[in-house]
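Here is the structure we will look at.
The values are calculated or read from the model by the stated rules, or taken from the named source; none is laboratory data. For clarity, every value in this text was computed on a predicted model and none was experimentally measured. Cβ sites come from the backbone with ideal geometry, for glycine too, and all protein chains shown count toward neighbours.
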Amino acid sequence: MANLTYSKALTLALREELDHDETVFIVGEEVGQYLGTLQVTKGFLDDYGPKRIIDTPISEVGIIGLGIGAAMAGLRPVCEMMRMDFALPAYDQIAQHAAKIRYMFGGQFKVPMVIRGPSGVGRQLSAQHSQSLEVLFAHIPGLKVVVPATPADAKGLMKTAIRDDNPVIVLEALRMYFEKPEALEAIQPGLSEVPDDPDFTVPLGQANVLREGKDVTLIAYSTMTIACLRAANELAKDGISAEVIDLRTLLPLDMATPLASIKKTHRAVVVQEQWGLYGCAAEISAQISERAFYELDAPVQRVTGAFVPMPYSKALESLTFPHEADIVAAAKRTLYGK
């Protein structure tokens, strides 16, 4: 085990897969000469050369189109979006082509590609660079959607995504990139530990119980998983035992793990960073209500981002996404009704 930042764990995963399989290559804007978005691919061009680390013009349509063609031809492209917001110009390529080719050709073609990049609330990056758009991808059959919260999952899920024979969207938690290992360890021991085994992977569609509890279940993914762990620590000060479930992937979605937890706690809070209206938390809450209604002692609570474009002002930005206090308040509503 090593204690790593989230970004270093991503770098390690990409290096290991480039070493493991010569059909893997990375393509995107500034992935080579300029060291990659937030330096995730720093040094890759020198180590792997321009045939495997390919800088492109500013054209997400071109990057994704190149990736689809290469994947159909038997390679394993990793397509970097400088921000996942920028995948929107290529949404037709992703939803209409990458997601459907294997189905429409009766399995004669596979599309083993990864589309990855930082996602979510930034640090004063304003309305076009701070969005959580996972619901747009999780709504499309044929895609897989990965949302790692911890450094270990950033590594393990990335490796699994690259080895998968289907298109996988990896939405990396922007605010977790440079969170110091000691800060994560202060939240929960072991949270920054990353296995150094090059064969370490994390399966898709398998949620993780990060903290056990008996009074209320907190269900989240990506950055909000860490917020839930912080909230659980605060709840413990009031004698409330919270179980924290990290979904890890949204497609495939493991509902068995949270439902098993709810049968124990009889209360649920679903937390997401994105806008609440039609969000992933709405789907998860609906499934809980449909499949575990008689296990609930209180209505399911949702904690979500505000339904506004992201402001540039730091003070206003802070008001648009959930904090630990919001999660604590929602958990207490399930217990006390107010």
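Laid out as a table, the results:
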| item | result |
| --- | --- |
| Criterion: under 29 Å from Leu277 (Cα atoms) and either out of contact with any Ser or Thr (no Cβ under 7 Å at 6 or more places or on another chain) or hydrophobic (A, V, I, L, M, F, W, C) (or both) - qualifying residue of Ala183, Ala95 | Ala95 |
| Among the candidates Thr41, Thr5, Thr23, residue that is surrounded by fewer than 21 Cβ atoms within 10 Å (Cβ to Cβ) and under 15 Å from Val114 (Cβ atoms) | Thr23 |
| From Ile240, Ile226, Ile219, residue being more than 19 Å from the chain's Cα centre (by Cα) and crowded, with 17+ Cβ neighbours inside 10 Å | Ile240 |
| Test: residue in the range 324-332 that is out of contact with any Cys (no Cβ under 6 Å at 6 or more places or on another chain) and either within 26 Å of Lys144 (Cα to Cα) or in a loop (DSSP other than H, G, I, E, B) (or both) | no |
| Some residue of the range 230-237 being acidic (Asp, Glu) and surrounded by fewer than 17 Cβ atoms within 10 Å (Cβ to Cβ) | yes |
| Condition check for His129: free of Cβ contacts under 8 Å to residues at least 12 places away in the same chain and outside the structural domain of Leu229 (by TED's automatic domain parsing) | no |
| Members of the range 40-51 that are within 12 Å of Leu14 (Cβ to Cβ) and either part of a helix (DSSP H, G or I) or outside the structural domain of Val24 (by TED's automatic domain parsing) (or both) | Phe44, Asp47, Tyr48 |
| Of all residues in the range 275-301 being closer than 18 Å to Ala329 by Cα and crowded, with 19+ Cβ neighbours inside 10 Å, the one that is nearest to the chain's Cα centre (by Cα) | Ala281 |
| Search result, residues across the range 143-165 that are surrounded by fewer than 19 Cβ atoms within 10 Å (Cβ to Cβ) and in a loop (DSSP other than H, G, I, E, B) | Asp164, Asp165 |
| Filter result for the condition that a residue is more than 19 Å from Glu16 (Cα to Cα) and free of Cβ contacts under 8 Å to residues at least 24 places away in the same chain, over Ala173, Ala186, Ala149 | Ala186 |
| Selected residue (criterion: surrounded by the fewest Cβ atoms within 10 Å (Cβ to Cβ)) from residues of the range 251-274 that are assigned to a helix (DSSP H, G or I) and of a type in the set (Lys, Arg) | Lys263 |
| When residues of the range 96-139 are limited to those that are among the small types (Gly, Ala, Ser) and touching a helix residue (DSSP H, G or I) at 6+ places or on another chain (Cβ under 8 Å), the one surrounded by the fewest Cβ atoms within 10 Å (Cβ to Cβ) | Gly122 |
| Residue check for Ser318: surrounded by fewer than 14 Cβ atoms within 10 Å (Cβ to Cβ), assigned by TED's automatic domain parsing to the domain that holds Glu212 and under 21 Å from the mean Cα position of the chain (by Cα) | yes |
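Per-residue answers, yes or no, for (1) modelled with pLDDT of 95 or more; (2) of a type outside the set (A, V, I, L, M, F, W, C):
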position: Thr265; (1), (2): yes, yes
position: Gln272; (1), (2): yes, yes
position: Ala281; (1), (2): yes, no
position: Glu290; (1), (2): yes, yes
position: Glu295; (1), (2): yes, yes
position: Ala298; (1), (2): yes, no
position: Arg302; (1), (2): yes, yes
position: Ala306; (1), (2): no, no
